[in-house]
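Notes to accompany the following structure.
The values are calculated or read from the model by the stated rules, or taken from the named source; none is laboratory data. Here the structure is a predicted model, which means the values were calculated and not measured. All Cβ positions, even for glycine, are placed from backbone atoms using ideal geometry, and neighbour counts span all protein chains on display.
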Amino acid sequence: MTELGYKTLRESIVDIIRKRIINRELQPGQKIVEQELAKEFQTSRAPIREALRELENEGLVEYVRNAGCSVKEITFEESFEIYLMRANYEIMAVRLLGGKIPEETLQEMEKILERMKNLDVDEYDQLFSYDNKFHSCLIRMTGMKSLYKAWKSLNYGNIVTGYNLASDKKAVITRQYPIHKELLEACKSRKKEEICRVLSDHYMGTIHRLLKEQGMTEADTKFSLDFLIS
């Protein structure tokens with residue numbers, strides 16, 4: 001039986017399948033059979049189904065009528081668009097508060113950043129969780145449920161795909177701490193324009209790296225990258 005640890009059965013199954021998808025042990029488009037997972041984890045199909053529904057909400061798997069569940073295939077174009085949208089949501093959140101980031105938000109971001117600091121390649125899957133939690137702080141501080149829901153809809157599956165387009169995982173991990181440290185320091189300054197500039201640079205850097213990985217430039221896209229909220 002696969003080791004499930006001390007989490008609930010559903011949580012443990014979610015974590016294991018998520019890690020397999022992130023590490024490409026399960027490939028985009030690959031079918032996921034509930035019965036096979038139930039046998040592997042020595043459980044009924046009910047917790048398997050619950051786990052897969054949670055992963056569907058994260059954007060990692062999808063259910064198709066008469067075809068069942070499979071690992072979601074997300075194109076480069078979709079990831080590209082999603083990064084642009086996330087950037088705008090976060091910049092809008094900062095502007096809504098006039099750059100006055102609450103102290104409790106800064107403290108939460110600091111704690112997440114410390115956990116991100118010493119990640120190794122074999123912990124690559126955790127990078128997505130920390131990245132999302134860090135950026136979610138900027139959205140949640142507004143208290144706007146609709147904004148958070150819209151931002152969260154762009155969450156796991158899409159960011160995972162974006163990172164998986166990168167060929168050098170160690171390089172991705174190495175640059176995450178200083179990039180997010182710079183953003184945290186900007187937030188501590190509570191200078192609205194500085195925070196928005198760092199956020200824009202952060203996302204534009206990611207987008208340009210994705211373009212480079214695909215052998216593309218901004219001229220190859222149908223979008224102008226200067227449309228970020230300013």
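Residue 91 satisfies every condition listed in (1) surrounded by 17 or more Cβ atoms within 10 Å (Cβ to Cβ); (2) touching a strand residue (DSSP E or B) at 6+ places or on another chain (Cβ under 6 Å) except (2). Residues in the stretch 34-63 that are within 27 Å of the chain's Cα centre (by Cα) and either charged (D, E, K, R) or in the same structural domain as residue 132 (by TED's automatic domain parsing) (or both): 34, 49, 50, 53, 54, 56, 58, 62. Can you find a residue in the stretch 88-108 that is in contact with a Phe, Trp or Tyr (Cβ under 7 Å, 6 or more places away or on another chain), of a type outside the set (S, T, N, Q) and either part of a helix (DSSP H, G or I) or under 24 Å from residue 125 (Cβ atoms) (or both)? Yes, the conditions are met somewhere in the stretch 88-108. Selection of first residues in the stretch 25-39 that are farther than 23 Å from residue 122 by Cα and of second residues that are assigned to a loop (DSSP other than H, G, I, E, B) and not basic (Lys, Arg), restricted to Cβ pairs under 8 Å at least 6 apart or on distinct chains, gives the following pairs, ordered by first then second residue: 29/73; 31/67; 32/26; 38/44. Within the stretch 193-223, the set of residues being of a type in the set (Phe, Trp, Tyr) and either touching a Cys at 6+ places or on another chain (Cβ under 8 Å) or part of a helix (DSSP H, G or I) (or both) comprises just one member, 203. Here is the figure for the stretch 189-203: residues that are in contact (Cβ under 8 Å) with a residue 40 or more places away in the chain and among the aliphatic types (A, V, I, L, M) total 2.
Scanning the stretch 175-182 turns up one or more residues that are at pLDDT 95 or above, closer than 17 Å to residue 108 by Cβ and among the basic types (Lys, Arg).
Does the stretch 205-228 hold any residues that are touching a helix residue (DSSP H, G or I) at 6+ places or on another chain (Cβ under 7 Å), of a type in the set (Ser, Thr, Tyr) and under 21 Å from residue 91 (Cα atoms), and which are they? 206, the sole residue that qualifies.
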